[in-house]
Amino acid sequence: MKPEEFDRAIARGEFGPLYYLHGDEPFLMERCVQRLLAKLVPPDFRDFNLNIYYGAEARGEEVAEVAQTLPMFADRRVVLVKRSEGLSAAALEALLPYVQDPAPSTCLVFQGEKADLRRKFFGELKKSGELVEYRRLYENQLAPFLREEAATLGKRLDPGAADYLVSLVGNNLQELVTELDKVVTFVGQQEIVRVDDVRAVASATRVDSVFELANALGEKDLAKALRRLEALLRDGEAPLMLLAMVTRHFRQLWQVAELLGKKLAPSEIARQTGISPYFLKGVTAQARHFRRAELQRIFEKFYATDLALKSSGGKPAVLMERLIMEICGLSGK
C-alpha cells in the first residue's frame, strides 16, 4: 500500500488489523500515525484502548497478548510499536502467530525505519496486513508538497515562494512545515503567500544564511562565502547539512549551464529544471561563471568533502573552508 492510499483509507474510516510503516521519511509517517489515532482512539479513551511499545524494549509475547485484548467502551484498540526495527529476532518469532491471525478488533501498527523483507515475519504480515513505505521526497516534489500544505491552511502559495522556501530550508519536511506555518501566521488574512512574505519571515532565521552561502559560492565571492560559513558554524549548523545545500545549488547551476549551451529560451530552461522564473535570472548569471570541466571538479570535491566529514578525517570547519576556497579559486582551465 502506498502512503497516499493509506491516507485516503484513514480519511474514509477504513482500517485493517495490521500495518507496518517504514522508510526514511519520519515526518509523513508520524503524521499518518497521528491521523490514525485521532480516528480510532478518542483522547478520553486512550488510557483504555491505546498501548505504546518501543522495539528494543518490547517483548513479543506481551504485545501479542495485549493486541488480543478486547477494547473498552470502543470498537477498536490500537497497539503501536515504535522503533520497530529494534525488535529482536525472539520478539518477531513470538509475534508471528498473531501476525498470521490478527484480532479484528485491534489495529496493530509497527512503526520503524527498516523492514527486512527477507524475514518470514514480513512475508506473513503482507498476507494479513499492509506494508507502507514512506520515502523521502525527491527535490522536485518539495514545492508541490508545500503548496498542498498551504492549501490545507487556506492559503495559496505562489510557486516562487514555494521554491524560495525549499531553497532556504532544504528537504527536511518538519522544518519546511514549521517555516510555512510561520509565514502563514505572518500574512494573517492575506490569501496569497508571496516570495516577499517568505523573505520577511526567513530573514530572521539561520536558513537565510545558508541560501546566501550558496549564492556567494555561485558568484565566487570568497570573502562573503567565508563570512557566511563562519556564522553558520558558529550558530551550530551541521557541516553535512551545509554541504548538502551547497551541492543542491550547484546541481541546479550545472543543469542550467547545460541548457544554456543548447541555446534554450529561459522559459524552457525553467520548465526543464523546475526552477521558478523568480530565481532563474540569478541562477543563470551564476551558471555562466562555471565551465563544465570546472563543475566536474567541484562535484569531485563535494564527494571528497562528504567522505572526509563522515569519516572524521579532519576538522569540519577546516574541511568546509578548504572546499569554499577551492570553489571560489577554480579557474576552469
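Please treat every number below as a calculation from the coordinates, not as lab data. Not measured: the values here are computed from a predicted model. Because the Cβ atoms are built from the backbone with ideal geometry, glycine has one as well, and the counts that use them run over all protein chains shown.
Here Cα extents along the principal axes in Å was calculated from the structure, and among [x] 71, 51, 40; [y] 75, 43, 38; [z] 53, 48, 36 it sits at label [x]. Ranking Ile269, Val79, Leu40 by Cα position along the charge dipole of the chain, where only Lys, Arg, Asp and Glu carry charges on their C-beta atoms, puts Ile269 farthest toward the positive end.
Using the alpha carbons alone, the radius of gyration of segment 246-302 stands to its Kirkwood radius in an Rg to Rh ratio of 0.95. A Cβ-based charge dipole, computed about the Cα centre of segment 222-333 with Lys and Arg at +1 and Asp and Glu at -1, lands at about 320 debye. State whether segment 88-209 is rounded, prolate or oblate according to the following rule on the C-alpha gyration tensor (a ≥ b ≥ c being the square roots of its eigenvalues): a/c under 1.5 gives rounded; otherwise a/b larger than b/c gives prolate, and the remaining case gives oblate. Prolate, since a/c reaches 1.5 and a/b exceeds b/c. Since only Phe302, Leu142, Gln189 are under comparison, the one whose Cα sits farthest along the positive direction of the charge dipole of the chain, derived from C-beta charges on Lys, Arg, Asp and Glu, is Phe302. Of all DSSP beta bridges confined to the chain, the antiparallel ones make up roughly 0%.
Mind checking the dipole of segment 141-329: about its Cα centre, +1 per Lys or Arg Cβ, -1 per Asp or Glu Cβ, Debye to the nearest 20? Before the final figure, lay out each step's value.
Working: 26 positive and 24 negative charges, 137 e Å.
My answer is approximately 660 debye.
Rounded to the nearest 20 debye, the dipole magnitude of the chain is 1280 debye, with +1 charges on Lys and Arg beta carbons, -1 on Asp and Glu beta carbons, and the Cα centre as origin.
If you build the Cα gyration tensor of segment 1-68 and take the root of 5 times each eigenvalue, what three semi-axes come out, in whole angstrom, biggest first? Let's see the in-between values first.
Working: eigenvalues 89, 55, 28 Å².
Those come to 21, 17, 12 Å.
All C-alpha to C-alpha distances of segment 141-329, sorted into 5 Å bins beginning at zero, yield P(r) values of 1, 8, 16, 18, 18, 16, 12, 7, 3, 1, 0 percent in whole numbers. Sorted from greatest to least, the principal axis extents spanned by the alpha carbons of segment 3-134 come out as 36, 30, 25 Å. Summing charges over all other residues whose Cβ lies under 12 Å from the Cβ of Ile298, with Lys and Arg as +1 and Asp and Glu as -1, gives +3.
How large is Rg/Rh for segment 209-292, to two decimals, with Cα atoms and a Kirkwood Rh? Each step should come with its number before you reach the end.
Values: Rg = 13.7 Å, Rh = 13.4 Å.
Here the Rg-to-Rh quotient is 1.02.
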